[in-house]
Amino acid sequence: MSNIKRVAVFTSGGDAPGMNAAVRAVVRTASYHDLHVYGIYGGYEGMINGNIKRLEKGDVGNIIHRGGTILKTARSMEFHTKEGRDRAYENLQDLQIDACVCIGGNGTYTGANIFSKENPIQMVGIPGTIDNDIYGTDATIGFDTSVNTAIEAVDRIRDTASSHNRLFFIEVMGRHAGFIALNTAIGSGAGNLFLPEEDESIEDFVLWLKKSSRRRKLFNLIIVAEGNTEGGATALAEKVKNEVPEFDTKVTVIGHLQRGGSPSSMDRVLASRLGYGAVNALLDGRDRVALGIINDEISYTSFEDAITKSKVPNQELIKMARILAM
Ligand code: F6P
């Protein structure tokens, strides 16, 4: 058990739909337990600059359906320095904050891990990133919404691609991971996919393309993860065009479109469960752990493991995506 009295919550790194639902759950659960809650605005930058405000239950009303993060977010370079972290600690001390819930990805956990080793601040994390690349949880907050958005975009591209018999390379986000690309490809019924976790050669792809056109498959949708080793959609399209100039080839980069928008029901429920769980974890005395949900149960992973271990896409799903695309 822990006797914490004042908890702060912040979002850090790339925003993700559902972060607001997590903030709401943290504030309301903490208030239920008579803890004082503070919002740190702008992630670690806000902690360093003292941009910290008291949050009451009512301050998080009417936000569960909103994308982005009401607490704002940033990727802070200053927090990488000891001076920056010392200033951040002074600001927390001034307000007698004894625990924090951080919402973000690997970079956020890395900062939280170092900071709570240096200072007596209890820290737990919630996985908030569209990339789904966090070890210790089946899904991260924002992933489901982002895949839904990408699929909706691909459905629209399908209409025009099939009307013109064009070959489309469609790039989705995910940084170094292929989770968004894999689920987008399966959910949109794409013809093929390029993931960072696989090495598909251009030669094999061109052979496949020629075969599929012989089967009178006249248009094709190819999903490309931005972190793909052969390059993103633009680079791939250029390479392929050189080999098969007869194809009418187009490129769409979905980009930040897939990071905004109202969170899906899955993300709202996931975020609510994790926000609620995070406050309970602090009250149970847990420290330097990231929460997740595995097989529908709340799980706890040390920051150390969450940062150093990697999660990889399910190989069977990759195989399935290719079989179903035939
Ligand atoms: O981590 C989330 C993410 O959207 C990645 O998919 C992408 O590579 C990156 O952030 C983009 O970051 P920024 O918005 O800072 O350009």
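One line per residue, one yes/no per condition, for (1) basic (Lys, Arg); (2) in contact (Cβ under 8 Å) with a residue 12 or more places away in the chain:
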residue: Thr252; (1), (2): no, yes
residue: Ser264; (1), (2): no, yes
residue: Arg273; (1), (2): yes, yes
residue: Asp296; (1), (2): no, no
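So, in the range 140-162, exactly how many residues are open to solvent by 30 Å² or more (accessible area, probe 1.4 Å) and touching a strand residue (DSSP E or B) at 6+ places or on another chain (Cβ under 8 Å)?
Looking only at that region, the number is 1.
Quick test of your reading of the structure: Asp138 fulfils all but one of (1) within 16 Å of the ligand (Cβ to nearest atom); (2) not in a helix (DSSP H, G or I). Name the failing condition by number.
Condition (1) is where Asp138 drops out.
From the set of residues in the range 101-135 that are of a type in the set (A, V, I, L, M) and more than 16 Å from Gly42 (Cα to Cα), which is nearest to the ligand (Cβ to nearest atom)?
Within the range 101-135, the match that is nearest to the ligand (Cβ to nearest atom) is Ile130.
When residues of the range 6-37 are filtered for being aliphatic (A, V, I, L, M) and over 23 Å from the mean Cα position of the chain (by Cα), how many remain?
4
Residues of the range 196-239 being open to solvent by less than 10 Å² (accessible area, probe 1.4 Å) and within 20 Å of Ile157 (Cα to Cα), which ones?
If the condition is that a residue be open to solvent by less than 10 Å² (accessible area, probe 1.4 Å) and within 20 Å of Ile157 (Cα to Cα), then Leu209, Ser212, Asn220, Leu221, Ile222, Ile223, Val224, Ala225, Ala233, Leu236, Ala237 are the ones that fit.
State the number of residues belonging to the range 163-181 that are buried (at least 20 other Cβ atoms within 10 Å of the Cβ) and within 14 Å of the ligand (Cβ to nearest atom).
Residues that pass the stated criteria total 9.
Conditions: (1) surrounded by fewer than 24 Cβ atoms within 10 Å (Cβ to Cβ); (2) within 30 Å of Phe247 (Cβ to Cβ). Thr137 meets all but one. Number of the miss?
(2)
Those residues that are within 16 Å of the ligand (Cβ to nearest atom), aliphatic (A, V, I, L, M) and open to solvent by less than 30 Å² (accessible area, probe 1.4 Å), I need them from the range 245-270; list them, please.
Ile254
Are there any pairs, at least 6 apart or on different chains, whose C-beta atoms fall under 6 Å, with the first in the range 165-187 and of a type in the set (D, E, K, R) and the second surrounded by fewer than 24 Cβ atoms within 10 Å (Cβ to Cβ) and not in a helix (DSSP H, G or I), and if so, which?
Partner pairs satisfying both residue conditions: Arg166/Phe219; Arg166/Asp248; Arg166/Lys250; Glu171/Glu226; Glu171/Gly232; Glu171/Val253; Arg175/Gly227.
Yes or no, residue by residue, for (1) within 16 Å of the ligand (Cβ to nearest atom); (2) not aromatic (Phe, Trp, Tyr):
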{"site": "Gly18", "(1), (2)": "yes, yes"}
{"site": "Arg28", "(1), (2)": "no, yes"}
{"site": "Gly67", "(1), (2)": "yes, yes"}
{"site": "Leu71", "(1), (2)": "no, yes"}
{"site": "Ala74", "(1), (2)": "yes, yes"}
{"site": "Phe79", "(1), (2)": "yes, no"}
{"site": "Tyr89", "(1), (2)": "no, no"}
{"site": "Asp98", "(1), (2)": "no, yes"}
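Okay, residues lined up against (1) crowded, with 16+ Cβ neighbours inside 10 Å; (2) modelled with pLDDT of 95 or more; (3) assigned by TED's automatic domain parsing to the domain that holds Glu118; (4) more than 21 Å from Asn3 (Cβ to Cβ):
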| position | (1), (2), (3), (4) |
| --- | --- |
| Tyr32 | no, yes, yes, no |
| Ile40 | yes, yes, yes, yes |
| Glu45 | yes, yes, yes, yes |
| Asn49 | yes, yes, yes, yes |
| Ile63 | yes, yes, yes, yes |
| Lys72 | yes, yes, yes, yes |
| Gly84 | yes, yes, yes, yes |
| Ala99 | yes, yes, yes, no |
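Restricting attention to the range 221-247, which residues are closer than 18 Å to Ala190 by Cβ, modelled with pLDDT of 95 or more, more than 21 Å from the chain's Cα centre (by Cα) and not aliphatic (A, V, I, L, M)?
Thr234
The values are calculated or read from the model by the stated rules, or taken from the named source; none is laboratory data. Just so it is clear, the structure is predicted and the values come from calculations on it, not from any experiment. Here Cβ is always computed from backbone atoms with ideal geometry, including for glycine, and neighbour counts include all displayed protein chains. With ligands, DNA and RNA removed, areas are computed over all heavy atoms of the protein, side chains included. Shrake-Rupley method; radii C 1.70, N 1.55, O 1.52, S 1.80 Å.
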